[in-house]
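Q: Would you mind keeping the following structure in view while I ask a few things?
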Amino acid sequence: MSTVILLLLTGLGLGGLYFLIASGLSLIWGLMRVLNFAHGALFTIAAYVAWSATAPLQNANPLWAWIAGLVIAVVAGGLAALLLEVFLIRPLYARPIGQILVTVGVALAAVALIEGIYGSDPKQMVLPTWMSASTVIFGEPVPNTRLLLIAVALLVLGVLLFFLRRTRYGLIVRAGVENRAMVSALGINVERAFTLVFTIGGMAAGLAGFLSGTYFGYIDPARGTSMLIFAFIVVVIGGLGSVTGSAVAAAVVAIVQQFLNFYAAPGIGDFSVVILLAATLLLRPRSGEPA
Amino acid sequence: MSSPLLEVRDLDVRIGQSHILHRLSFSVQSGGVTGLLGRNGVGKTTTLRGILGLAERTGEIIMDGEPIGGLRTHEVVQRGIAYVPEDRDVFAGLTVEENLRLAERPGNELRYDLVYDLFPELRTRGKQRAGTLSGGQQQMVAIARALLNGGNRLLLVDEPTKGLAPLVVRNVVDALKRAAEVVTILLVEQNLSVAHKLARDAIVLDQGSVGYVGTVDELMSDPALARRHLGLSSTGTAHQP
């Protein structure tokens, strides 16, 4: 029983990370029809910017360093996304192939740049005491970082749902996911909503980048790319443009992954996620369309 | 005659390899309903989409003396042109209230009283998802959305009675008649009896150009004219190509 609890909470923690990346990807695709392969780069850039900015403080005051790092990562992710949308994506709205090439290019260039500056070795994160400890739940010590990830993901889910359901821009985003042209035909500048959604997606990716360092204990240049693959799977399973769908799918994917990696064999969990994706596409062939 | 509310000069629209509108020119006077008529496929819907900037276009479009041909769709709409599309295009996942709220523009008077007076059903169905409404109710939402903003002076209404039951058609016609007391309407309508009931003036398109301009009464009372431009038989029914 205790192992099940541990696997479940670890899976939910990892699912929280997937959700933070997938929610932005899902909204960006749903509203803008942009397949943002550079989303993993935003994750990585934000994590490294936050790590660099707080490195001098990490040993002296890990808690404040962590809080500052979190804020810096969110701002860096949002800013990088804003610049990406305004300067590279916006001129290519009418050219989807161009968008794909640009975002793939940015993804590759960003990882190369990070490796050029910091090297490819992981950078350790010094965590506050509470985050390095565990909490005993049903007799099993569960690392506090897992609980933290679950709490942050739920908080972000709540904030995103509030934004989507209770604000005018959220209403525009929900309508735009259904029919962009008709939103414009109501006199609304839908491109402004594009920029906002891209920036929000970047902020969530930045948060995920920093929290991945908290979850794994280090950051490395390739993490964003590997997480992006799972995030794409989560987005397709959850329904493109659906934040709630992304949250549920992220939890399911991560839990299945954890359980099979433990009970079957290491690697089987990762493989099973691809099977889950294939099954979703077979049962719901229109998963690639907005939810 | 006073200067027109909308003036279209040399409007040219190509979609892919097809040249749909050929230097189309016409004007719409302020007030009442003007019918934009013609056989299927002559470019009526494309004309509306071209005016709005939903289809790429060249040529001049002048709204109340202001050139708007180079503006993007949302900017055209902000100049006072609203759109009721052929397929209604309500946001199915949003409630009726949310559909209407989207049409609000800051700084403009809102005509909720008029909208709920025309379509009382929308008030009671405010919390219902628009995707679960009947075709007629969705048409009400689409018309209400276009009427709501006090800044809208011209409604481009595309086949509002398409696919609706006769009783619902009557309601939509009544609503548009009353709406025309407040705004000018450029109406695309395949149902000629509806067009006749609503429109005073008619612009008939023929292969992407203007084939006839005059009153609907003149058009309908001259069988040869109606046959030539609309494909009407002597019984008044339209032949579809």
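The values are calculated or read from the model by the stated rules, or taken from the named source; none is laboratory data. Computed from a predicted model, the values in this text were never measured in an experiment. Glycine gets a Cβ as well: all are built from the backbone with ideal geometry, and neighbour counts include every protein chain shown. SASA here: full protein model, heavy atoms, side chains in, ligands and nucleic acids out. Shrake-Rupley method; radii C 1.70, N 1.55, O 1.52, S 1.80 Å.
Q: Projecting each Cα onto the charge dipole of the protein assembly as shown (Lys/Arg +1, Asp/Glu -1 at the beta carbon, about the Cα centre), which of B:Leu167, B:Ala179, A:Leu92 comes out farthest on the positive side?
A: Value computed over the given set: B:Leu167.
Q: Further, regarding this structure: Ordered by residue, what ³J(HN,Hα) values in Hz, to whole numbers, does the range B:88-96 give under the Karplus form 6.51 cos²θ - 1.76 cosθ + 1.60, where θ = phi - 60° and Gly and Pro are x?
A: Whole-Hz 3J(HN,Hα) from phi for the range B:88-96: 6, 6, 6, 7, 4, x, 9, 6, 4.
Q: Residues of the range B:84-108 with accessible area at least 30 Å² lower in the all-protein-chain context than alone (1.4 Å probe)?
A: When all protein chains are present, B:Asp89, B:Phe91, B:Leu94, B:Glu98, B:Arg101, B:Leu102 each give up 30 Å² or more of accessible surface.
Q: Which of A:Leu240, A:Tyr215, A:Ala53 sits closest to the plus end of the dipole of chain A, meaning its Cα is farthest towards the positive end, when Lys and Arg get +1 and Asp and Glu get -1 on the C-beta?
A: A:Leu240
Q: Which residue, B:Ala165, B:Ala142, B:Ala55, tops the fluctuation ranking in a GNM of chain B built on C-alpha contacts under 10 Å?
A: Largest GNM mean-square fluctuation: B:Ala165.
Q: With no solvent and one equal point scatterer placed on each C-alpha of the range A:1-156, evaluate the Debye formula and give log10 I(q)/I(0) for q = 0.14 Å⁻¹, two decimals.
A: One equal scatterer on each Cα of the range A:1-156 leads to -0.84.
Q: Of B:Leu114, B:Leu230, B:Leu205, which has the largest mean-square fluctuation in a 10 Å C-alpha GNM of chain B?
A: B:Leu114
Q: Averaged per residue, what accessible area in Å² does the protein assembly as shown show with a 1.4 Å probe, protein chains only?
A: Ligands and nucleic acids excluded, the figure is 43 Å² per residue.
Q: Please list the non-local residues whose amide H lies under 5 Å from the amide H of B:Ser30, H modeled 1.01 Å from N, same-chain partners needing a gap of 5 or more.
A: Residues meeting the amide H criterion: B:Leu5.
Q: Nearest 5 percent is fine: what portion of the DSSP beta bridges confined to chain B is antiparallel?
A: Values: 24 of 41 bridges.
Bridges in chain B that DSSP calls antiparallel: roughly 60 percent.
Q: Give the carbon-plus-sulfur fraction of the accessible surface of the range A:6-47 in %, rounded to a whole number; probe 1.4 Å, heavy atoms of protein chains only.
A: Numbers: 550 of 640 Å².
C and S fraction of accessible area: 85 percent.
Q: A follow-up question, please. Cut-off 14 Å, label point 7 angstrom out along Cα-to-Cβ of A:Arg165: give me the residues of the range B:71-111 whose amide nitrogen falls inside.
A: Inside the label zone: B:94-95.
Q: Can you tell which of B:Pro85, B:Gly126, B:Ala202 lies farthest toward the positive end of the dipole of chain B, using +1 and -1 charges on the Cβ of basic and acidic side chains (Lys, Arg; Asp, Glu)?
A: B:Gly126
Q: Between beta-carbons, use under 14 Å as the cut-off and find the net charge around A:Arg168, counting Lys and Arg +1, Asp and Glu -1.
A: On the way: positive: A:Arg165, A:Arg166, A:Arg174, A:Arg192, B:Arg101, B:Arg105; negative: B:Glu97, B:Glu98, B:Glu104.
Computed value for this residue: +3.
Q: Counting other C-beta atoms within 10 Å, and keeping those with at most 12, which DSSP coil trypsin sites (Lys or Arg not before Pro) do you find in the range B:33-131?
A: B:Lys127
Q: How big is the A-B contact in terms of buried accessible area, both chains counted, 1.4 Å probe, rounded to the nearest 100 Å²? Each step should come with its number before you reach the end.
A: Working: alone 13060 and 11280 Å², together 22660 Å².
Summing both chains' loss of accessible area gives about 1700 Å².
Q: Hey, another quick one. Heavy atoms only, probe 1.4 Å: what % of the accessible area of the range B:6-230 goes to carbon and sulfur, would you let me know?
A: Exposed carbon and sulfur together represent 46 percent of the surface.
Q: Rounded to the nearest 500 deg cm²/dmol, what is the calculated helix-only ellipticity per residue at 222 nm for the protein assembly as shown, with -39500 (n - 2.57) per DSSP H run of length n ≥ 4?
A: Numbers: 22 runs with 302 residues, N = 532.
Rounded to the nearest 500, the figure is -18000 deg cm²/dmol.
Q: What is the local net charge at A:Tyr48, summed over the other residues whose Cβ is closer than 10 Å to its Cβ (Lys, Arg +1; Asp, Glu -1)? Don't jump to the answer; show the numbers that get you there.
A: Numbers: positive: A:Lys123; negative: A:Asp220.
Once positives and negatives cancel, what remains is 0.
Q: From the P(r) of chain A, could you give the percentage of C-alpha pairs in the tail past 24 Å? Don't skip to the answer; put the middle values down first.
A: Values: 21109 of 42195 pairs.
Roughly 50 percent, once rounded to a whole number.
Q: Compute the accessible area of each residue in the range A:163-188 twice, once for its chain alone and once with every protein chain present, using a 1.4 Å probe on heavy atoms, and list those whose area falls by at least 30 Å².
A: A:Arg168, A:Leu171, A:Arg174, A:Ala175, A:Glu178, A:Asn179, A:Met182, A:Ser184, A:Ala185, A:Leu186, A:Gly187
Q: Further question: Going by amide H atoms built from the backbone, whose H comes under 5 Å of the H on B:Tyr212, apart from near neighbours?
A: B:Val204
Q: Subtracting the Cα-Cα distance from 0.36 nm times the residue separation, let me have the gained length for A:Ala222 to A:Ala181 in nm, one decimal.
A: 11.0 nm
Q: Write down Rg/Rh for the range A:54-96, rounded to two decimals, with Rg from the C-alpha atoms and Rh from the Kirkwood relation over Cα pairs.
A: That ratio is 1.32, to two decimals.
Q: Once R0 is set to 30 Å, what does the formula 1/(1 + (r/R0)^6) return for the Cβ-Cβ distance between B:Glu66 and A:Asn189, expressed as a FRET efficiency to the nearest 0.05? Spell out each step's value before the answer.
A: On the way: r = 19 Å, r/R0 = 0.62.
FRET efficiency, B:Glu66 to A:Asn189: 0.95.
Q: While we're on this one: If amide hydrogens are placed 1.01 Å from N in the peptide plane, which non-local residues have theirs closer than 5 Å to the one on B:Ala82?
A: B:Arg153, B:Leu154, B:Leu155, B:Leu156
Q: Most mobile of A:Gly238, A:Gly30, A:Gly158 per a Gaussian network model of chain A (Cα springs, under 10 Å)?
A: Comparing A:Gly238, A:Gly30, A:Gly158 in the GNM, the peak value goes to A:Gly158.
Q: Still on this structure, please answer the following. Taking the protein assembly as shown as the region of interest, what is the percent of Cα-Cα pairs per 10 angstrom bin, listed from the shortest bin to the one with the maximum distance?
A: Taking all Cα pairs of the protein assembly as shown, the binned fractions are 4, 16, 23, 20, 15, 11, 7, 3, 1, 0 percent.
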